[in-house]
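The values are calculated or read from the model by the stated rules, or taken from the named source; none is laboratory data. Keep in mind that what you see is a predicted model, and the values were worked out from it rather than measured. Ideal geometry is used to build each Cβ from the backbone, glycine not excepted, and the neighbour counts take in all protein chains shown.
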Amino acid sequence: MRKEMKIILSLLLIFFCSFAQAQKASTRVLVLGLDGFSAEGFKKAKHPNLDRMIADGALSLSTRPVMPSVTLPNWTSHFTGSGPEEHGITNNAWTLATHELSSVETDADGYYPSIFKVLKDQIKNVKTAYYYNWKELIYPINKKYLDEISFGENDAYLENYNKAFDFLLRNQKNPTLAFLYSVHTDHAGHGFGWMSTEYITAIEQADVAIGELLEKLKKVGLYESTHFLLITDHGGKNKGHGGVSMVEMEVPWAITGPKIKKLGLFTQYNSNKNTSMVIADIFGAKKLPQSWTGNLLLDLFK
């Protein structure tokens, strides 16, 4: 009887260790950001790698950007759970030193609180990274809450994809949030027009790079335990954006990972303001800034 009890206790210990490891591994989030990626563009372009990734999770093609439908207000909203009326970023010319509308809340350095700050304040040993190739993008984010930052000149993004992989691999035993962004899709829209051949090609090129990254994560055993988000800021019309047309104001938003249901296409109202609420919940961060106005999409979670 004593021998049987030892066996049972050993099995229970193995189970709980495995469970704890799985829980720890699930706190890894990779946010894939493609600038200017319209819902219309998502429907037309071929993106088999994104499709395979999203197939196990949830996809919205009716997510609303905040207004105005321009870059800096929307990416800031993704990572601050708020709109321009709260975070104060109303255009692409915003800097910490020069802006018209004050934030309703700031940290000690004058920045509106981001998801990076929330995680650093609450999640032990969390590691954060920010990879980008449009220099103004990071201006509203307090860099002291980021462990790794990499900027790509002249729309370059492939090297950042490699750096993101190395960061995730190096920090696989830590809770990890990495943001991997490219502006080349938006610039194709401005240069050639939204829905032009060049714009669609830019989306498809990004899909190839994303696919290569996902394969690398699979080979090292990190894919299944990672949450992936696909986000963007706005759509476009002709060679611009900033208005209120539906092609500017409807964008794709997708998520997959260990804690996410296999919902497929969902039509529940969603906003760029909700992204940080979802990320915070994945990591178990409970104390959010009072000024955040996004909503947690509970139906996404198992």
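Details
- Checked against (1) free of Cβ contacts under 8 Å to residues at least 60 places away in the same chain; (2) touching a strand residue (DSSP E or B) at 6+ places or on another chain (Cβ under 9 Å), HIS234 passes all but condition (1).
- Across the range 215-257, the qualifying residues are those that are part of a helix (DSSP H, G or I) and either among the charged types (D, E, K, R) or in contact with a helix residue (DSSP H, G or I) (Cβ under 6 Å, 6 or more places away or on another chain) (or both), and the one among them that is surrounded by the fewest Cβ atoms within 10 Å (Cβ to Cβ) is LYS219.
- Within the range 69-117, restricting attention to residues that are β-branched (Val, Ile, Thr) and free of Cβ contacts under 8 Å to residues at least 40 places away in the same chain, the residue that is farthest from LEU137 (Cα to Cα) is THR106.
- Test: TYR145 is surrounded by fewer than 24 Cβ atoms within 10 Å (Cβ to Cβ), of a type in the set (Ser, Thr, Tyr) and within 22 Å of THR176 (Cα to Cα): yes
- Counting residues in the range 169-180 that are in a loop (DSSP other than H, G, I, E, B) and among the basic types (Lys, Arg) gives one or more.
- Which numbered condition THR185 fails, given (1) among the polar types (S, T, N, Q); (2) surrounded by 17 or more Cβ atoms within 10 Å (Cβ to Cβ); (3) over 17 Å from the mean Cα position of the chain (by Cα): (3)
- Annotation note: Cβ proximity below 6 Å between a residue of the range 282-302 that is among the basic types (Lys, Arg) and a residue that is surrounded by fewer than 20 Cβ atoms within 10 Å (Cβ to Cβ) (sequence gap 6+ or interchain) occurs for LYS302/LYS259; LYS302/LYS261.
- At least 3 residues being under 26 Å from ASN160 (Cβ atoms) and at pLDDT 95 or above is the threshold, and among the helices (runs of 4 or more DSSP H) wholly inside the range 15-128 those reaching it are 39-44, 48-54, 71-80, 115-122.
- Matching entry among ILE203, ILE279, ILE210 (being surrounded by 21 or more Cβ atoms within 10 Å (Cβ to Cβ) and closer than 22 Å to PRO113 by Cβ): ILE279
Residues are listed down the side, and each one gets a yes or a no for (1) closer than 18 Å to THR71 by Cα; (2) out of contact with any strand residue (DSSP E or B) (no Cβ under 9 Å at 6 or more places or on another chain); (3) without any contact (Cβ under 8 Å) to a residue 40 or more places away in the chain:
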residue	(1), (2), (3)
LYS135	yes, no, yes
TYR139	yes, yes, no
LYS143	no, no, yes
ASP147	no, no, yes
SER150	no, no, yes
ARG170	no, no, yes
